[in-house]
Amino acid sequence: MTKRIAIIQGHPDAAGHHLLNAMAEAYAEAATSAGHEVRRIEAAKLDFTFLRTQSDFETGELPPSLVQPRDDMRWAEHWVFLFPLWHGTMPALFKGFLEHIFRPGFTMEYREKRFPKRLLAGRSARVVVTMGMPVMLYRWYFGAFGVRSFERSMLSFAGIKPVRESLYGLTFADDKKRARWIEDMRRHGSQGD
């Protein structure tokens with residue numbers, strides 16, 4: 001079964017020469033070859049200001065540069081988020097992008113004296129994270145808090161499930177490992193997961 005997929009690249013460097021760029025490209029190529037429809041979003045290439053107040057979050061206007069990315073995400077059935085681990089979590093630019101997109105009305109609907117209605121039920125996601133430390137250290141010692149927080153307080157809260165993850169550590173590794181990780185992305189892309 002084919003899917004509509006949005007690939008959301010969260011690396012803050014727009015230069016495009018990072019491992020995550022190669023992984024996103026491999027995923028997109030394989031997904032397209034398998035018949036899936038793919039749209040791509042690169043947070044680093046978008047111009048927007050950070051949210052600063054609760055009022056802006058709840059009722060402020062979405063920056064014009066984020067309207068198309070939001071619409072692409074609304075269109076998609078499956079989301080693939082890619083970002084590097086910086087200080088245990090995602091880079092600030094990517095978090096700022098997600099805070100704009102994940103506003104009330106898109107991800108949830110507030111209801112009087114009741115739990116918010118989840119507006120993104122029926123969608124799935126894959127979270128792809130690269131890091132300099134070993135993945136086991138991140139999971140065991142740090143509790144993978146940055147990834148867990150994203151999955152629980154943003155994705156799951158909005159009704160997205162299942163949420164799968166692909167974590168890659170020691171990204172300065174040799175070319176064989178990097179080639180294997182890119183091949184992982186091709187496999188996930190062809191399967192649309």
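Of all residues in segment 6-30, those that are open to solvent by less than 40 Å² (accessible area, probe 1.4 Å) have Cβ atoms under 9 Å from Cβ atoms of residues that are among the acidic types (D, E) and part of a helix (DSSP H, G or I), 6 or more apart or on another chain, in A6/D72; I8/D72; M23/D184; A26/E183; A26/D184.
Specify the residue that is nearest to V80 (Cα to Cα); the eligible residues are those in segment 43-53 that are open to solvent by less than 100 Å² (accessible area, probe 1.4 Å) and in a helix (DSSP H, G or I). Residue satisfying both the conditions and the ranking: A43.
If only residues of segment 109-119 that are among the basic types (K, R) and farther than 30 Å from H87 by Cβ are counted, the one that is most open to solvent (accessible area, probe 1.4 Å) is K113. Scanning segment 112-132 for residues that are modelled with pLDDT of 95 or more and of a type in the set (A, V, I, L, M) yields A125, V127, V128, V129, M131.
Has segment 54-62 got any residue that is polar (S, T, N, Q), touching a residue at least 60 places away in the same chain (Cβ under 8 Å) and out of contact with any strand residue (DSSP E or B) (no Cβ under 7 Å at 6 or more places or on another chain)? So that I can check it myself, show each step before the final result.
Initially, segment 54-62 is screened for residues polar (S, T, N, Q), giving 54-55, 59.
This time we only want the ones that are touching a residue at least 60 places away in the same chain (Cβ under 8 Å), so: none.
Looking for residues that are polar (S, T, N, Q), touching a residue at least 60 places away in the same chain (Cβ under 8 Å) and out of contact with any strand residue (DSSP E or B) (no Cβ under 7 Å at 6 or more places or on another chain), one finds none in segment 54-62, hence no.
Here R39, R103 are screened, and the one residue that is open to solvent by less than 70 Å² (accessible area, probe 1.4 Å), in contact with a helix residue (DSSP H, G or I) (Cβ under 8 Å, 6 or more places away or on another chain), in contact (Cβ under 8 Å) with a residue 24 or more places away in the chain and not aromatic (F, W, Y) is R103. Would you call A158 touching a strand residue (DSSP E or B) at 6+ places or on another chain (Cβ under 8 Å) and either over 14 Å from F81 (Cα atoms) or open to solvent by less than 40 Å² (accessible area, probe 1.4 Å) (or both)? So A158 fits the description; yes. When segment 54-98 is filtered for residues that are part of a helix (DSSP H, G or I), modelled with pLDDT of 95 or more and surrounded by 15 or more Cβ atoms within 10 Å (Cβ to Cβ), the ones remaining, listed by number, are L66, P69, R70, D72, M73, L93, F94, K95, G96, F97, L98. Could you tell me whether F97 is among the aromatic types (F, W, Y), in contact with a strand residue (DSSP E or B) (Cβ under 7 Å, 6 or more places away or on another chain) and over 18 Å from G192 (Cα atoms)? The answer is no for F97.
Please find, among R74, R164, R114, R123, the residue that is within 22 Å of L19 (Cα to Cα) and of a type in the set (K, R). Give the steps one after another, and end with the answer.
Details: R74 fails: within 22 Å of L19 (Cα to Cα); R114 fails: within 22 Å of L19 (Cα to Cα); R123 fails: within 22 Å of L19 (Cα to Cα).
Going through R74, R164, R114, R123 in turn, the sole match is R164.
Residues in segment 120-148 that are surrounded by 14 or more Cβ atoms within 10 Å (Cβ to Cβ), over 21 Å from G189 (Cβ atoms) and in contact with a Ser or Thr (Cβ under 8 Å, 6 or more places away or on another chain): L120, M131, G146.
The values are calculated or read from the model by the stated rules, or taken from the named source; none is laboratory data. Bear in mind the structure is a predicted one, so any value in this text is a computation, not a measurement. Please note: Cβ atoms are built from the backbone with ideal geometry, for glycine as well, and neighbour counts cover all protein chains shown. SASA here: full protein model, heavy atoms, side chains in, ligands and nucleic acids out. Shrake-Rupley method; radii C 1.70, N 1.55, O 1.52, S 1.80 Å.
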